[in-house]
Amino acid sequence: MTGGRVSSKKYVGSKVNIVRWRPAASHYTHADTFISGTWGDGENEVCVWRVPECDDDPNLQHNLKHQGNVNDIQYVSRDTFATASSTGSVHLYQHNVGGHLEHKTSWKQIHSFRTSRSPCTGVTSNGDQIASVGEDGKLIIINPTQERPLRIMESVGGCSVYAAVYVRANEILTGSLQGYLRLWDIRAAQPAKTILHSIDQVGVYDLAVHPTQQHLVAAGGDDGALAIWDLRHTTQPFTIIAAHNGPMSEVRFHPGAPDHLFTGGLDGQLLHWDASTSATPTHTHITPYTPSRQHQGGSVTVWVSSAVGSGCVDTTAIIPPSPLPINSLDIDGTTLIAASDNEAIYTVRQVMLF
Amino acid sequence: MDSISRDTEEKWALPDPVLLGRMHGVVSSLCNSLMVFPHRHRLHHEGSQLEPGKEVRLYQVESFSWLWGRQARKLINESVGTFLSLQKIMQEGGGAEERKPTLVKKCREYRSMIQASMEESIIFEPEEVESDLHAYGQVLYKMELILSLLEILFIDTKPGGLVLNQLVVWVRSHFPTNHEKKSEALESDHPHQHPSYWEIIYGLVLQGSLDDVRQMLSHHPRADTDPFLSMDELLRKMPFYQVYGGVSAAEFTVRWQHWQGECERRLEEGHFATCPKLLTICKILCGDLDTIGSLWDLTDTWYHLMVSTLLYTNPTAKLFHLAGAAQDAIEHTRGNHSAITPLDRILLASMEADTHQVIKECQQVLDNPWFTTHLTDLLYHTFYQQAEFKFLGDLRETLILEYSEVLSGHGSLWQVGVLYLDHCGTSGIAMAQVVLERRPLTSDAVAHKVVQMARDRKFDNVVMSVCRVMGRRALDLDRLGSAIWWGVRSRDAAFTSHIAHKILQRYVEDGKFESSPLLDQLGPAMLLSDTLTFLGKYREFHMLYQDGKYQEAATLLVSLISSKLAPEYFWPVLLLDALPLLKCPKPVITSEQTYELMYLLNNLHTATTTNTEKQNGTATETSQEAFLEKERDIRLALTNNLAKAIIKEGTVES
């Protein structure tokens, strides 16, 4: 597995909080451009990088100033992406033809406390809407073409929300400091449809939805453990596997090979979770809702197999642990990018056989 | 906030008339910054009165260092990795022989970082001011030059202590002009017509690149004549000492003397009489000081001259020879040169093997603690446990402390600063605690990072204080859910009690619990404070009641009441909660428990009536009345329940 892995480290001169691949132009090619967002500096910025074919370091294409720390980035379409700012705003950027970025619009300080501004911690999108969450506990639905947010949903208790993902076109799952997962149906009038929570108030720092089995959600927590949730059995997570020595900062499924999962943590580790070798695909566990015919082909998942349930997943460290937190990672094809507080962007090629 | 000064040697004025004559400054302890503000002296009354409408400003003056430039930040972040891995390997122990390869490797890593940074500073950042960039490049060049010399002299020492070969390579790599010009000359059609053909050859001879010299000479039209052939032979035969060449130093000296004797013989026999240029070369080979000295302008600097002289006079020179040779070379060049530069002093001190002086000079000359810190660390590990270098230990700690203080003052590099503090003893630990504790907690993300760093280092007090600050802040914003989460993490009993009271009071007011899921899952954290325990247990009661487990709910409620955990303002609520349980058709509260409740009610009754007597406020009266009204209800229910319970208990017994 580690045979062909080539990793390089590029120092960029500012702490990088988030990296995201720009979606590839077609299904047959891999992404070669990614964007990064910085934090903690007097002036923060979003940058566009191009990864060359050879094993060279990524090259900076363009950078734009960003107000506040860039806490999250989410592509809405191939050309536009939304950023979550620590000032409580959501910004929309666009890639121009010349490889340059352009600031399209912002929703200024939509996240706020009673008396002060609240950082916006996460953005997610289903392709036409943007949803943002913040430390004020609000979930805000934005239509990119409208100036005002479509809907603002508040949670009681004013608890910071750190992560949000669309699990279906109209359902958003959020994870908070206090360890709740909440499933919001944006069509329904009720505030939150379901409330789940993990034991011991372990904060949920990041959520990732399985690319094909959307009822499967991976949650990275405060205690460094990875929890796999099957949203059809919400009484408890399917499994919890401890790995990191500190809070997990990001969880990503591989978009094309979802048996592989990648996590980064504040302990400086970057881990590759490979469930494909240790477990055989199963569909016996979850039959009631899906007819078994659908399981022919690639839609079967190993993540709810009994082997994974008992914690049996191959976990390997991709890079030597960094002394400072890994803030973000993203994967496309065989190339993984990660960003750390060591002001470095890691590029790991041939991270897995694919 | 103005960053005013870029250069410590200049005077800068703050353009603010209010400050005139009454400037006052305070150094803030962690950053390298100075707070300047107008100050009125008690003694000078006249004219010091501020005009009322005038705005008074505070100025934060910060020292600017090239360390904050984007290029230097790459250097800072890259070097921390090397620094940490070096410390790790050194801590693992091992003898001097095991340590040396690591130290050499790490030293080269530092050098390659500096070189990479140099190359990048040439390619990038065209928007930077030219002179700035130039100065930055100069600083990097000097650092690399010094570090590579120190590597040769102290770190990468060879058996026998012969240093000259490495010094020759050092000179060649730092004065590459001769080789560049050689390639340029060879590319032309007639190399010997190159304007500085002979100068290049002399330069190459002085750098000991004899193969290159022969190549150059072979392009001369008279290369086939006797003097040239004779010279070619001499150049070819010059012995070079190789540490692992299987030839002892003594044997080498014999060979070398034989070779130089041959050179002298040919010189005396007049082999080169027809060609004065070759005569000069031969004189150099013979180690003729006057000839080498006369060519000193080809060597640019005294240290180059020193190496060239040693190459042809004392090829087995050891470290202790260098001091004298360096003095001679400086003497020679001083006549033509201007004053001795700080860089010269550093190099001279290195050759005199005076590490203390080297570090001192570096600290004064280079405007950054980066280089001195890493250099001292390398030297400390090199001379580890050698009595005469004991001072390095303390010096190293002080320098690391100073360097990390600079980093910690920076808004973005504080994490790197903390990493360095891990390696400088007890003062480092104390400092790291202060750095983490004082970091402005601008968002949850920063707080989590600080907590993580503090937890890794087992700074429990820092974790506590950060959590307490976050909890307090959340409380101010009325975010009780967050407040209790942070409160529990802070393990601060008083603070969590305070929040728990807030939650209870809010419940008394509007009958709703905020963030009930958190309260339901408190677990062992519940034991942190009495009020929190009560709150958790009270939530448990609600759950039991909702689930219809009346019997257990009743037992829990009564135990809550009798344990006196509940704050007094909450008693009425508890009694009202008992009301539906008392009215259950099947008695769930035993007679014993009923007595407890009656006792509480009585206490409450006396408390309220005495209160009413004391203060005749209307507001309290209404609430008292509301309670008294319910009291009747409760009393009735209590007696009914008591009757039922006694009957039931009696029945069971019989």
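None of the figures in this text is laboratory data; all of them are computed from the coordinates on show. Bear in mind the structure is a predicted one, so any value in this text is a computation, not a measurement. No Cβ is skipped: glycine too gets one built from the backbone with ideal geometry, and neighbour counts run over all protein chains shown.
A few points about this structure:
- Counted charge near residue B:275, where neighbours are those whose Cβ lies closer than 11 Å (Asp, Glu -1; Lys, Arg +1): +1
- Backbone phi angles across the range B:591-607, fed through the Karplus curve with coefficients 6.51, -1.76 and 1.60 (θ = phi - 60°), yield HN-Hα couplings of 5, 3, 5, 4, 4, 4, 5, 5, 4, 4, 4, 4, 4, 4, 4, 4, 4 Hz in residue order; Gly and Pro are listed as x.
- The range B:414-584: relative contact order as a whole-number percent, Cα under 8 Å and 6+ apart: 12 percent
- Here the Gaussian network model covers chain A, with springs between Cα atoms less than 10 Å apart; of A:51, A:123, A:165, A:51 fluctuates the most.
- Considering the range B:414-584 at the alpha-carbon level, its Rg and Dmax are found to be 20.0, 70 Å.
- Near-label residues of the range B:241-267 by backbone N, under 20 Å of a point 7 Å along Cα→Cβ of residue B:226: B:262-267
- Listed values for the range B:374-389 are Karplus-derived 3J(HN,Hα) couplings in whole Hz (6.51 cos²θ - 1.76 cosθ + 1.60, θ = phi - 60°), namely 5, 5, 4, 4, 4, 5, 4, 6, 5, 9, 3, 6, 9, 4, 6, 10, and x replaces Gly and Pro.
- Value of relative contact order over chain A, rounded to a whole percent, pairs C-alpha under 8 Å and six or more apart: 14 percent
- Mean projected area of the Cα convex hull of the protein assembly as shown, taken over all directions, amounts to 61.2 nm².
- Over 27 Å (Cα to Cα) - which of A:10/B:181; B:277/B:318; A:65/B:449 fall in this group: A:10/B:181; B:277/B:318
- Considering only B:195, A:301, B:163, and ranking their Cα positions along the charge dipole of the protein assembly as shown that arises from unit charges at the beta-carbon of Lys, Arg, Asp and Glu, the one farthest toward the positive end is A:301.
- Residue order for A:8, A:125, B:465, fewest other beta carbons within 10 angstrom first, comes to A:8, B:465, A:125.
- Mean Cα-pair separation over length for chain B, i.e. relative contact order, pairs under 8 Å, 6 or more apart, %: 8 percent
- Report note on the peptides B:382-392, B:80-90: ranked by the mean count of other C-beta atoms within 10 Å, highest first, their order is B:80-90, B:382-392.
- Only aspartates and glutamates eight or more places from residue A:104 in sequence, or on another chain, were considered; those with a Cα closer than 14 Å are A:79, A:147.
- Whole-Hz couplings from phi, Karplus 6.51/-1.76/1.60, listed for the range A:251-266; x for Gly and Pro: 10, 9, 7, 5, x, x, 10, x, 6, 10, 9, 10, 9, x, x, 5
- Flagged links, alpha-carbon separation over 20 Å, of B:586/B:630; B:158/B:237; B:106/B:142: B:586/B:630; B:158/B:237
- Only helices enter the 222 nm calculation for chain B: every DSSP H run of n ≥ 4 contributes -39,500 (n - 2.57), and dividing by all residues gives -21500 deg cm²/dmol, rounded to 500.
- For the range B:562-582 versus the range A:132-184, the gap between their alpha-carbon centres in whole angstrom: 38 Å
- Residues with amide H under 5 Å from that of residue B:243, placed H, sequence gap 5 or more: none
- Residues B:374, B:179 arranged by fewest to most Cβ contacts within 10 Å: B:179, B:374
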